[in-house]
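A short write-up of the structure that comes next.
The values are calculated or read from the model by the stated rules, or taken from the named source; none is laboratory data. Note that the coordinates shown come from a computational prediction; the quantities given were computed from them, not determined experimentally. FYI the Cβ positions are ideal-geometry reconstructions off the backbone, even for glycines, and counts take in every protein chain you see. SASA here: full protein model, heavy atoms, side chains in, ligands and nucleic acids out. Shrake-Rupley method; radii C 1.70, N 1.55, O 1.52, S 1.80 Å.
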Amino acid sequence: MDFDWLKKLMPRGLYGRAALILFLPVVVVTIVVTVMFLQRHFEDVTRQMTAGMTREIALIASRIDEASDMQMARIEAQRVAVPLDLELFLPARQQPRDYRVFYDLSGRVVIEELHKSVAQVEGVDLSQRREVRITLNGRYGAYELVFPRERVSASNPHQLLVLMIGTSLLMTAIATVFLRNQLRPIKRLARAAEGYGKGRIIPYRAGGASEIRSAGTAFLEMRARIERQNEQRKQMLSGVSHDLRTPLTRLRLGLSMLSPDLPPEPEEIAGLESDVAAMGKMIDAFLDHARDAAQDAPPLAVPALAFVQGIVADAQRGGQAVKLRKMQGEMNGRATFRADSLRRAVENLIGNAVRYGNRAEVEAALGPSYFRVSVEDDGPGIPREQRDEALKPFTRLDAARNQNRGQGVGLGLAIAADIARAHGGQLRLVDAERLGGLRAEIVIPR
């Protein structure tokens, strides 16, 4: 079946759909309870009360029909009617008719039951709310019986309906306020996400239910991670332009000093070649990082400790002074990450460790919710106040790290930190406890 017409009728917004989910059951339950109440109270109870009243009416009718004349009929009928709280009019004051107002739901049952149980009934008038007027046809003509309405139907039967509807409206109002408070954090999150998609950072604080708070926290972390990555890209571009400026200046100066009449000296040629090589190395490092980041495979569940063993084994075959010291956790345990990019990060840490120290040690730990890889060296380390600076691209801390021992361009730690953040983790730089140098730790969620 085609339900497109139903989809068009459904509300589009979250608030409308949530309200429909919340209020539709209340309306349905109210309708069902109302129908059951009408059937049970307005019909069954009214029918039982009217059936009891018909016996008293039948008794008066039999006394009138058995009397010898109209006077005796009136006397005998009054003798029974007065104790039963019935008012008798013989002859009748009005023409027989059946009448009730349209909203008198129990009146239909009263009229039906009186006609069915008492053969002499000619008309039932329910025009007066508090009394019933019955016209009967007897031996001496039409006569009328009047009695309180409460004897054939419950008094004030609408009170239960009014109470039920009033309670439903009150609870609906309370639910509306509660629903609005619950949906407000979702709307704030949607506005913040939409604004960020348009390049605007809208202040946002996670709130609401635990699920909404978790989504908001995840959005804030994602936004912060993207902003950090964008900032790092800007720093890399700025670093490339800054570091290229010095060799370019030397190149211009060297070319300006060349004489068109005399061939250049070997030292001059070597200096120019060295500047060109330095510029090429910086550009290649930046392009390699950008290309590798774009070609990263999707995250996969990888045997974590075996992954670290493979990296250390490859480094040892490459002649680097590194060894695997300790591993914690289940050997076959898996963690989800991008293997290529995380390998590049760990290799950068190992390369830095053996470049600025004599040896390096690698440790790995696989916990219930985290995966940690630590690389420790015996080099000069990095002072605490300069560690944040060391994570920026193209940063070389000559005072702390012996620059003459390596040919880096200052991207190793920056790339490792960027990869850790891309996995939802971080790169931490602390003092090495065993070897006395620097300890770099990559910690990512498992």
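Solvent-accessible surface of segment 296-445, taken per residue with a 1.4 Å probe and all protein chains present: 45 Å². Annotation: peptides 60-73, 267-280, 135-148, ranked by per-residue average of other Cβ atoms within 10 Å with the highest first, follow the order 135-148, 60-73, 267-280. Surface exposure of segment 64-116, expressed per residue as accessible area with a 1.4 Å probe, stands at 62 Å².
What dipole magnitude, in Debye to the nearest 20, does segment 296-445 give about its Cα centre under +1 on Lys/Arg Cβ and -1 on Asp/Glu Cβ? Walk me through the numbers on the way to the answer.
Values: 21 positive and 18 negative charges, 32 e Å.
For segment 296-445, the charge dipole is close to 160 debye.
Which semi-axes, in whole Å and largest first, does the equivalent ellipsoid of segment 296-445 have when worked out from the alpha carbon gyration tensor as the square roots of 5 times its eigenvalues?
Values: eigenvalues 115, 54, 39 Å².
So the equivalent ellipsoid measures 24, 16, 14 Å along its semi-axes.
Would you report the distance distribution of C-alpha pairs in segment 11-124 as whole percents per 10 angstrom bin, up to the bin with the largest distance? Going from the shortest bin to the longest, the percentages are 12, 29, 24, 13, 9, 7, 5, 2, 0.
When H115, H423 are compared by accessible surface with a 1.4 Å probe, the order from highest to lowest is H115, H423.
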